[in-house]
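Colleague: Here's a structure for you.
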Amino acid sequence: MTPRRGLLIILSSPSGAGKSTLAKRLMAWDGAIRFSVSATTRAPRPGEVDGREYLFCSRDAFERMVAAGEMLEHAQVFGNLYGTPRAPVEEALAAGRDTLFDIDWQGGQLIRNSALAADVVSIFVLPPSMAELHRRLRARAQDSEDVIVRRMAQSQDEISHWAEYDYVLVNHDLDTTESDLRAIVTAERLRRIRRPALSGHVRDLAREFEEMQS
């Protein structure tokens, strides 16, 4: 019997707050955690590989997957479509493997409202300040100034959804935030409702006790 069902670990934040770095650190800590590779219609950035960071596809192909019910969630962000293929997630859950989602609040909301809601652990990462968020966006040198301005404006909407999450971390320091993230995952794995094999173990204990009394 599988000792427990897998977790759906949702990690969200405004761009630049650190969720992607934290996601990588969490998977380095536990190699059994599977990263949910989202499909997207945006063009690959330098160094990105199809099937590793994202499944890059055309808008037509993406919309066909949505129409066929093959997406667990999907949303449009800055003119591009993003979504989570359903089949790999359901297979991992049934096998007791944890899946990590690096997604925005819209995707997180859709998963939390889906039939898989009981398996979700949602975590929102806040920046220590808006000035620091702006500095990090500039420092990573991935976006034009126009995009940075739009991301800063969008961050206010992202942050407004913080209270919808199970846990909220303020990322003052990556090492400390990573430690807190590990603690959350460890505790959630041990929750009674996620460990169906416990009921059988308790029955075995009762049976053993009865045999000792006879």
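The values are calculated or read from the model by the stated rules, or taken from the named source; none is laboratory data. Everything quoted here is computed from the prediction, not taken from an experiment. Heads up, the Cβs are rebuilt from the backbone with ideal geometry, glycines too, and the neighbour counts pull from every protein chain shown.
Colleague: State all residues of the stretch 154-198 that are surrounded by 14 or more Cβ atoms within 10 Å (Cβ to Cβ), out of contact with any Phe, Trp or Tyr (no Cβ under 9 Å at 6 or more places or on another chain) and of a type in the set (A, V, I, L, M, F, W, C); if no residue qualifies, say none.
Modeller: Once the filter is applied, which keeps residues that are surrounded by 14 or more Cβ atoms within 10 Å (Cβ to Cβ), out of contact with any Phe, Trp or Tyr (no Cβ under 9 Å at 6 or more places or on another chain) and of a type in the set (A, V, I, L, M, F, W, C), the stretch 154-198 yields only 170.
Colleague: Looking only at the stretch 97-108, filter to residues that are crowded, with 19+ Cβ neighbours inside 10 Å and not acidic (Asp, Glu); which one of those is nearest to residue 179 (Cα to Cα)?
Modeller: So the residue we want is 100.
Colleague: Then there's this: Being of a type in the set (A, V, I, L, M, F, W, C) and over 28 Å from residue 89 (Cα atoms) is the filter; apply it to the stretch 120-134 and report the residue that is surrounded by the fewest Cβ atoms within 10 Å (Cβ to Cβ). Walk me through how you get there before you give the answer.
Modeller: The initial filter retains those residues of the stretch 120-134 that are of a type in the set (A, V, I, L, M, F, W, C), namely 120-121, 123-126, 130-131, 133.
Narrowing the set further to residues that are over 28 Å from residue 89 (Cα atoms) leaves 130-131, 133.
Numbers: 130: 13, 131: 9, 133: 23.
The qualifying residue surrounded by the fewest Cβ atoms within 10 Å (Cβ to Cβ) is 131.
Colleague: If you go through the stretch 1-37 one residue at a time, how many are of a type in the set (A, V, I, L, M, F, W, C) and over 12 Å from the mean Cα position of the chain (by Cα)?
Modeller: To start, the set of residues in the stretch 1-37 that are of a type in the set (A, V, I, L, M, F, W, C) comprises 1, 7-11, 17, 22-23, 26-29, 32-33, 35, 37.
Add one more test, that the residue is over 12 Å from the mean Cα position of the chain (by Cα), and what stays is 1, 17, 28-29, 32.
Looking only at that region, the number is 5.
Colleague: In the stretch 118-134, what residues are among the polar types (S, T, N, Q) and in contact (Cβ under 8 Å) with a residue 40 or more places away in the chain?
Modeller: The initial filter retains those residues of the stretch 118-134 that are among the polar types (S, T, N, Q), namely 122, 129.
Of everything in the stretch 118-134, just one residue is among the polar types (S, T, N, Q) and in contact (Cβ under 8 Å) with a residue 40 or more places away in the chain, namely 122.
Colleague: Before we move on, is residue 206 closer than 30 Å to residue 97 by Cβ, modelled with pLDDT of 95 or more and either polar (S, T, N, Q) or part of a helix (DSSP H, G or I) (or both)?
Modeller: Values: closer than 30 Å to residue 97 by Cβ: no; modelled with pLDDT of 95 or more: yes; either polar (S, T, N, Q) or part of a helix (DSSP H, G or I) (or both): yes.
Here the answer is no, as residue 206 does not meet what is asked.
Colleague: While we're looking at this one, here's another question. If we scan the stretch 46-67, do we find a residue that is charged (D, E, K, R), over 25 Å from residue 144 (Cα atoms) and under 19 Å from the mean Cα position of the chain (by Cα)? Before you say what the answer is, go through the steps one by one.
Modeller: From the stretch 46-67, those charged (D, E, K, R) are 48, 50, 52-53, 59-60, 63-64; that's our starting set.
Cutting the leftovers down to over 25 Å from residue 144 (Cα atoms) gives us 60, 63-64.
Then drop every residue that is not under 19 Å from the mean Cα position of the chain (by Cα), which leaves none.
Among the residues of the stretch 46-67, not one is charged (D, E, K, R), over 25 Å from residue 144 (Cα atoms) and under 19 Å from the mean Cα position of the chain (by Cα), which makes the answer no.
Colleague: While we're looking at this one, here's another question. Just give me the residues in the stretch 179-197 being among the aliphatic types (A, V, I, L, M), part of a helix (DSSP H, G or I) and at pLDDT 90 or above, in sequence order.
Modeller: Of everything in the stretch 179-197, those that are among the aliphatic types (A, V, I, L, M), part of a helix (DSSP H, G or I) and at pLDDT 90 or above turn out to be 181, 183, 184, 185, 187.
Colleague: Report the residue count in the stretch 135-153 for those that are surrounded by fewer than 16 Cβ atoms within 10 Å (Cβ to Cβ), farther than 21 Å from residue 47 by Cα and touching a residue at least 12 places away in the same chain (Cβ under 8 Å).
Modeller: Qualifying residue count for the region: 1.
Colleague: Also, quick follow-up: Looking at residue 60, is it free of Cβ contacts under 8 Å to residues at least 12 places away in the same chain, in contact with a strand residue (DSSP E or B) (Cβ under 8 Å, 6 or more places away or on another chain) and charged (D, E, K, R)?
Modeller: Details: free of Cβ contacts under 8 Å to residues at least 12 places away in the same chain: yes; in contact with a strand residue (DSSP E or B) (Cβ under 8 Å, 6 or more places away or on another chain): no; charged (D, E, K, R): yes.
Considered against the rule, which asks whether it is free of Cβ contacts under 8 Å to residues at least 12 places away in the same chain, in contact with a strand residue (DSSP E or B) (Cβ under 8 Å, 6 or more places away or on another chain) and charged (D, E, K, R), residue 60 comes out as no.
Table: residues versus (1) more than 20 Å from the chain's Cα centre (by Cα); (2) at negative phi; (3) modelled with pLDDT under 95; (4) among the β-branched types (Val, Ile, Thr).
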residue	(1), (2), (3), (4)
107	no, yes, yes, no
124	no, yes, no, no
163	no, yes, no, no
168	no, yes, no, yes
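Colleague: Another question, if that's okay. Report, by residue number, each residue of the stretch 78-116 that is polar (S, T, N, Q), touching a Ser or Thr at 6+ places or on another chain (Cβ under 7 Å) and under 22 Å from residue 59 (Cα atoms).
Modeller: As a first pass, look at the stretch 78-116 and keep what is polar (S, T, N, Q): 80, 84, 99, 106, 109, 113-114.
Adding the requirement that they be touching a Ser or Thr at 6+ places or on another chain (Cβ under 7 Å) leaves 80, 84, 99.
Of everything in the stretch 78-116, those that are polar (S, T, N, Q), touching a Ser or Thr at 6+ places or on another chain (Cβ under 7 Å) and under 22 Å from residue 59 (Cα atoms) turn out to be 80, 84.
Colleague: Same structure, new question: I'd like the full set of residues that are part of a strand (DSSP E or B), over 23 Å from residue 115 (Cβ atoms) and in contact (Cβ under 8 Å) with a residue 12 or more places away in the chain, limited to the stretch 29-57.
Modeller: Filtering the stretch 29-57 down to residues part of a strand (DSSP E or B) leaves 34-35, 38-40, 50, 54-56.
Pick out the ones that are also over 23 Å from residue 115 (Cβ atoms) and you get 40, 50, 54, 56.
Matches in the stretch 29-57: 40, 54, 56.
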